[in-house]
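Every number in this text was worked out from the coordinates using simple rules, so none of it is lab data. Just so it is clear, the structure is predicted and the values come from calculations on it, not from any experiment. So basically every Cβ, Gly included, is an ideal-geometry build from the backbone, and we count neighbours across all protein chains shown.
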Amino acid sequence: MKDDNFLRENNARHLWHPMGHPGALQENPPTIFTGAEGVYLHDLDGHSVIDAVGGLWCVNLGYSNEALKQTIATRVHQLPYCSNFGGSTNDAAIEASFAVREFFAEDGMARVFFTSGGSDAVDTALRLARQYHRLRGEPGRTKFLSLKKGYHGTHWGGASVNGNNRFRINYEPLLPGCFHLPAPYTYRNPFDESDPERLADRIVAAMADEIAFQGANTIAAFIMEPILGAGGVLVPHESLMPRLRDLCADHGILFIADEVICGFGRTGAWTGSRRFGVKPDMMTVAKGITSAYFPVGGCLVSDQIADVFETSNADGAIFTGYTYSAHPVGAAAVVTCLAETLRLDTKSNAGPRGTQLYEGALRLQEKYDFIGDVRGGVGLMCGIELVSDRAAKTPMDMDTMTRVHKAAYEAGTNTRLGMNNILMSPPLVISEAEVAQIIDNLDTAFATV
Ligand SMILES: Cc1ncc(COP(=O)(O)O)c(C=O)c1O
């Protein structure tokens, strides 16, 4: 291992980081983490901070799950790789597919197609949706609907249904035939509607209007996150997801639940879909499926979709996939992670700890008038939106956001900035005392503004 000076001198020199400006990162190099324990991250300068981001909404089991570490170490010795294209598979892949099916049985999911992460999973879902309609004799169903503010990864397909323009404009033109509906964002929306239920009515009406305008028989699928994560932790009214699901069913449009963040307990239920009482046609998963200890994602399909593919002619062959699909080490990690997730019953901790975090953030809003909006309260995810003028809702400038982020870090908590939002999704195993520390550290940081 190279010494600390080497690491500092070469930080961001040869590595282009995702979601960052390469020149700016050379000027202000990123924090170098060298270790982790429980819900704490340790950096090269000797700081230990609570990771209130849970990696990137993904380290659900925290950083010290021994069973998962052991599984990965053992498997990498036993079978470090095996192709799953066509004629071969591995024991762990079979076991993982069984475990995933059991985990998602209540959501009506019947098959899993493993990928290397969430973007791959979304891309696979969009492809399979088109193929499904072709197999059923409706090749004209090629379009996709999604929500503004939704995040569905960065592949061409995912970026095309993405609802945040900063992930889109540098890479346009994107996939044709993708259309976006208003977001369930009560703080800012084109209807000036702050009531969540009435806003849900508006979105449902907008979807019905868009379907009529496009023609239902041209639309392959609609994709949404049960709670919109990267877009700022937007929690829709409980009526929204079921009503959009019904609308899709009425028009033969496949409903894809993007559970990359919401799956595996984050919302206080095992899936966001279950939380809102919805059975989708497809689900996309990643992150919590291995607690991010190994890169794995998956696209899940219902019995009905499985049946169409499995009883079709040769056109039902799936000509998409990844070298690392059903990777033996990743698959073994899935099996252990799901077992650990169930054993620790992480969803039952996510509920009360999420309420604690949300209520703590609401108390801070009473104290600091630059907190414009606080979102969360459904599971362990929270968004705090800062404004420079509460009445005008002027988004806080990025210099101040960066200062707040740094002050929170120095006080002992790692958070994530999404424009003028502070985003939090701590490990689902976090304790009451650790959540209390996050709130204290944010208080310290806000006092510096
Ligand atoms: C809801 C959602 N879908 C898809 C993705 C993309 O996943 P990945 O970054 O693993 O490609 C993410 C990533 O944050 C996500 O939050």
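Figures for the structure shown
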{"item": "Average Cα contact separation per residue, the chain, under 8 Å, 6 or more apart, as relative contact order %", "result": "21"}
{"item": "Sequence of Asp91, Asp315 once ranked by neighbouring C-beta atoms within 10 Å, starting from the fewest", "result": "Asp315, Asp91"}
{"item": "Fully extended contour minus Cα-Cα distance, from Asp303 to Arg343, at 0.36 nm per residue", "result": "11.7 nm"}
{"item": "Residues Glu225, Glu366, Glu9, Glu434, sorted so that the one with the fewest Cβ neighbours within 10 Å comes first", "result": "Glu366, Glu9, Glu434, Glu225"}
{"item": "Distance (nanometres) between label positions extended 7 Å along Cα→Cβ at Phe33 and Asp209", "result": "4.3"}
{"item": "Around Thr74: net Lys/Arg minus Asp/Glu count, Cβ-Cβ under 14 Å", "result": "-1"}
{"item": "C-alpha center-to-center spacing [the stretch 322-353, the stretch 102-144] in angstrom", "result": "21"}
{"item": "DSSP-assigned coil residues among trypsin sites (Lys or Arg not before Pro) in the stretch 118-198, each with at most 13 further Cβ atoms within 10 Å", "result": "Arg136"}
{"item": "Potential lengthening between Glu238 and His77 on full extension [0.36 nm per residue; Cα-Cα distance subtracted]", "result": "53.3 nm"}
{"item": "Residue-count net charge about Gly177 - beta-carbon cut-off 11 Å; Lys, Arg +1, Asp, Glu -1", "result": "+3"}
{"item": "Under-5 Å amide H pairs with Cys178, H placed in peptide plane, nonlocal only", "result": "Phe144"}
{"item": "Cα gyration tensor category, rounded, prolate or oblate, for the stretch 175-234 with a/c compared to 1.5", "result": "oblate"}
{"item": "Leu428, Leu244 arranged by Cβ crowding within 10 Å, fewest neighbours leading", "result": "Leu244, Leu428"}
{"item": "Under 13 Å from the Ser194 label point (7 Å along Cα→beta-carbon), backbone N, the stretch 370-388", "result": "372-374"}
{"item": "The stretch 277-317 shape via C-alpha gyration tensor axes, a/c threshold 1.5", "result": "oblate"}
{"item": "Where labels lie 7 Å past Cα in the beta-carbon direction, separation of Thr394 and Asn313 in nm", "result": "6.5"}
{"item": "Long-range amide H partners of Thr413 with built H, under 5 Å", "result": "Ile50"}
{"item": "Shape category assigned to the chain from the gyration tensor of Cα positions, a/c cut at 1.5", "result": "oblate"}
